[in-house]
Amino acid sequence: MNTPAAAPQGLGWFAIIRIGLVQASIGAMVMLTTTVLNRLMVVEYTLAAVLPAGLVGWHYAVQLSRPLWGHGSDKGGSRALWIMGGMGVLALGALLAVEVTLTASANLALGIALGVLAYTLIGIGVGAAGTSALALLASGVSPERRAAAAAVTWIMMIAGIVVSAIAVSQLIDPFTPQRLWWVASGLLAVCLTVAALATFRLEPEAGPVFAETAKSHAAPSFKDAIAEIFAEKAARRFTLFIFASMMAFNMQDLILEPFAGLVFGMTPGESTALGGMQSGGVLAGMIVAGIGGSAFAGRMPVELRHWIVFGCLGSALALAGLATGAMVGTGWPIHANVFALGFCNGLFAVAAIGAMMGLAGAGTKTREGVRMGVWGAAQAIAFGLGGLVGALGVDFARAAYGADGPAFQLVFAIEGAVFVLAAWLAVRATEKGLAPGGAANIGKAESFA
């Protein structure tokens, strides 16, 4: 059982919130490049939708480099410097992406070339800053706070996206290129300032345990660190779980609103509200998993893997409901169904991040960055691939069936099956005796939560 006396040796709640502010800043910057600029390219500048879609997909692909940035933060001695370095590269890439938006319609070849450079910088910046922030959590947060810390940082990231989206929507009208520059520059400046203040003198708060492990363990070469991680069954299995679960998590991202319009006849405003209902469910699930995972830590035989499995299987059941609704159409309780899907998504996502931090902190010290990088890379690729597979799957199925309902039913059924597979992989990845360093009970809340 964890004792209150151990808590001061790790990052406190204020420090966790400060890392959450970093995540919120990252989310706000990414929102500008993947949402606002996406719409401007397609609508205001009448560019083919494949251009912004391809650039966003490329920024996910670049995040395969996450293990490299995590290893750098392991060796560099200061994760805060890596966080701010990543934020600076991200801001530079976002500014260049604004230029891409304004010039691509006049010179497509130049726009594509600049776009590849811009979204490469964006992918590098997100990878370096995000991986280092999560590694700092994994190495500095005491075990009983990990589930709640994961919930706080994810919720704050979503909050950063929502708040910045509302602010940009209010400031950018009436649209002009000059106004876009001012709004984008102001948003990026605010995000950089918030992140700098949040990381100032943050690492010393991790306490003596963090400081001693940083001094007493030298980081190996990148090749050796990767080989060491993939020599562990738990790490290999957890990587597969992250890939499968996050792919399933994102498969409906691009098809939910078209589903609402084509099958249920919803207007754009109604389908947008349905998306908001799902986001509300995700937040509710994250809060429940964050509070529950920490409240039971060390006092009841409750394991974070239970939260992961419940969330994955619950998501599969909700998707089975959507598959049924695709054939029933009007009259199906679509709003409740979508909220339930979001809630179960939130449950498993927070528990998975808490488990990820537990695994990253359970092995040899000074490997947290590489571990978080490996799993962050799996998550990024799964996100990009999931959205693409879902959208292409619906297109092919609609062409094959000649009808909307059966097409969406098939894709939702496949997504649900992937969630069931993810639940099985989660159980396999958290079996007893698999923890790095030979911990006896990797699945226990005392190890993860």
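Sorting PHE259, PHE343 by accessible area puts them as PHE343, PHE259; the probe is 1.4 Å, largest comes first, and only protein heavy atoms count. Protection proxy ranking for 191-198, 136-143, 85-92, using the average of other Cβ atoms within 10 Å per residue and placing the highest first: 136-143, 85-92, 191-198.
Based on the mean of other Cβ atoms within 10 Å per residue, sort peptides 35-48, 122-135 so the most packed one is first.
With the highest mean Cβ count within 10 Å placed first, the list reads 122-135, 35-48.
Spin-label pair THR267-ALA165: with each label point 7 Å from Cα along the Cα-Cβ axis, the two points sit 2.0 nm from one another.
Taking N as the number of residues in segment 246-292, what is its alpha-carbon radius of gyration divided by 2.2 N^0.38 Å?
It is 1.34.
Placing +1 on the Cβ of every Lys and Arg and -1 on the Cβ of every Asp and Glu, with nothing else charged, gives segment 8-122 a dipole about its Cα centre of roughly 300 debye.
For a modelled paramagnetic label at ALA61, 7 Å from Cα along Cα-to-Cβ, the residues of segment 106-126 in reach, with backbone nitrogen under 19 Å, are 109-126. Taking label points 7 Å from Cα along the Cα-to-Cβ direction, THR103 and LEU317 give a separation of 5.4 nm. What is the calculated FRET efficiency for ALA48 to LYS233, with r their C-beta to C-beta distance and R₀ = 60 Å, to the nearest 0.05? Given R0 = 60 Å and the Cβ-Cβ separation, E is 0.85. Label reach from THR324 (point 7 Å along Cα→C-beta): in segment 253-275, amide nitrogens under 19 Å belong to 260, 263-264. Once the Cα-Cα distance is subtracted from the 0.36 nm per residue extended length, the LEU240 to LEU92 segment shows a gain of 50.0 nm. Using R0 = 56 Å, the C-beta based FRET efficiency linking LEU81 and PHE396 works out to 0.75.
The values are calculated or read from the model by the stated rules, or taken from the named source; none is laboratory data. Just so we're clear, the structure is a prediction, and the values are computed from it rather than from any experiment. Positions of Cβ are generated from backbone atoms using ideal geometry, with glycine treated the same way; all protein chains shown enter the neighbour counts. Remember, those area values only see protein heavy atoms, side chains included, never the ligands or the DNA or RNA. Shrake-Rupley method; radii C 1.70, N 1.55, O 1.52, S 1.80 Å.
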